[in-house]
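Some notes on the structure that comes next.
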Amino acid sequence: MKAKIKAVWLLACAAAAILLIPVFLSKDEPIEVYVPFLDQAQLEEKEAQKQKEAAQAAAQLRQRRMYSCTVDEDCIIVDKDPCGCLVGPKGVVAINASYTLEFNRQNTSPIAKACPEGEPSTEKECSPTAQAVCERHYCKIVY
């Protein structure tokens, strides 16, 4: 009989504890929750920023591919300045031949540029012996 009374008493205590849980966990005041509110302009600004970052990442990837190579025959020397070697060695660069059209599209400026008078430079990258080579999977001009 004592075992039954003990079991009923434990059952009653467990039921009371379960029923009292909400009382102990409740508060008199509601819990404040801060949820940031973004208006339409802020949402559009964030979306535009994400698109801009994605476009920059894609441009950087295209740029890396434009200069990457596997063998020397992948590389060619192109004018990165409209005046080419007339402005000196900084007017030319070595790129992957597959990206020549894309490179020209990127470097075409709607503004006309006056090139300096005189003979083209023959120093470094503009020398007659200059050639494009693939070095460490990157196109480079050697002279």
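Residues that are out of contact with any strand residue (DSSP E or B) (no Cβ under 6 Å at 6 or more places or on another chain), closer than 27 Å to GLN60 by Cβ and of a type in the set (A, V, I, L, M, F, W, C) within the range 97-143 comprise LEU101, ILE111, listed in sequence order.
Could you tell me which residue of the range 58-74 is modelled with the lowest pLDDT, considering only residues that are within 21 Å of the chain's Cα centre (by Cα) and open to solvent by 80 Å² or more (accessible area, probe 1.4 Å)?
Taking the candidates together, the pick is ARG62.
Here ALA55 fits the description: open to solvent by less than 90 Å² (accessible area, probe 1.4 Å), small (Gly, Ala, Ser) and either at pLDDT below 90 or under 46 Å from the mean Cα position of the chain (by Cα) (or both). The one condition from (1) touching a Phe, Trp or Tyr at 6+ places or on another chain (Cβ under 8 Å); (2) under 16 Å from TYR143 (Cα atoms) that ARG65 does not meet is (2).
Per the listing GLY118, GLY88, the residue uniquely in contact with a Ser or Thr (Cβ under 9 Å, 6 or more places away or on another chain) and not hydrophobic (A, V, I, L, M, F, W, C) is GLY88.
The residues of the range 75-85 that are open to solvent by 40 Å² or more (accessible area, probe 1.4 Å) and modelled with pLDDT of 90 or more, listed by number, are ILE76, ILE77.
Residues that are among the charged types (D, E, K, R) and either touching a Pro at 6+ places or on another chain (Cβ under 7 Å) or open to solvent by 100 Å² or more (accessible area, probe 1.4 Å) (or both) within the range 124-143 comprise LYS124, GLU125, ARG136, listed in sequence order. For the range 86-123, name all the residues that are more than 33 Å from the chain's Cα centre (by Cα) and open to solvent by 30 Å² or more (accessible area, probe 1.4 Å). Across the range 86-123, the qualifying residues are LEU86, ALA114, CYS115, PRO116, GLU117, GLY118, GLU119, PRO120, THR122, GLU123. Of the residues examined, GLU32 is not one that is out of contact with any Ser or Thr (no Cβ under 7 Å at 6 or more places or on another chain), in a helix (DSSP H, G or I) and surrounded by fewer than 16 Cβ atoms within 10 Å (Cβ to Cβ).
Among the residues of the range 70-117, just one is assigned to a loop (DSSP other than H, G, I, E, B) and on the phi > 0 side of the Ramachandran plot, namely GLY88. Kindly indicate whether any position in the range 7-26 is at pLDDT 85 or above, among the aromatic types (Phe, Trp, Tyr) and open to solvent by 100 Å² or more (accessible area, probe 1.4 Å). Yes, the range 7-26 contains at least one residue that is at pLDDT 85 or above, among the aromatic types (Phe, Trp, Tyr) and open to solvent by 100 Å² or more (accessible area, probe 1.4 Å).
The values are calculated or read from the model by the stated rules, or taken from the named source; none is laboratory data. In this text, all values refer to a predicted model and were calculated from it rather than measured experimentally. All Cβ positions, even for glycine, are placed from backbone atoms using ideal geometry, and neighbour counts span all protein chains on display. The protein model used for the area step is the full one, side chains on, heavy atoms only, and it has no ligands, DNA or RNA in it. Shrake-Rupley method; radii C 1.70, N 1.55, O 1.52, S 1.80 Å.
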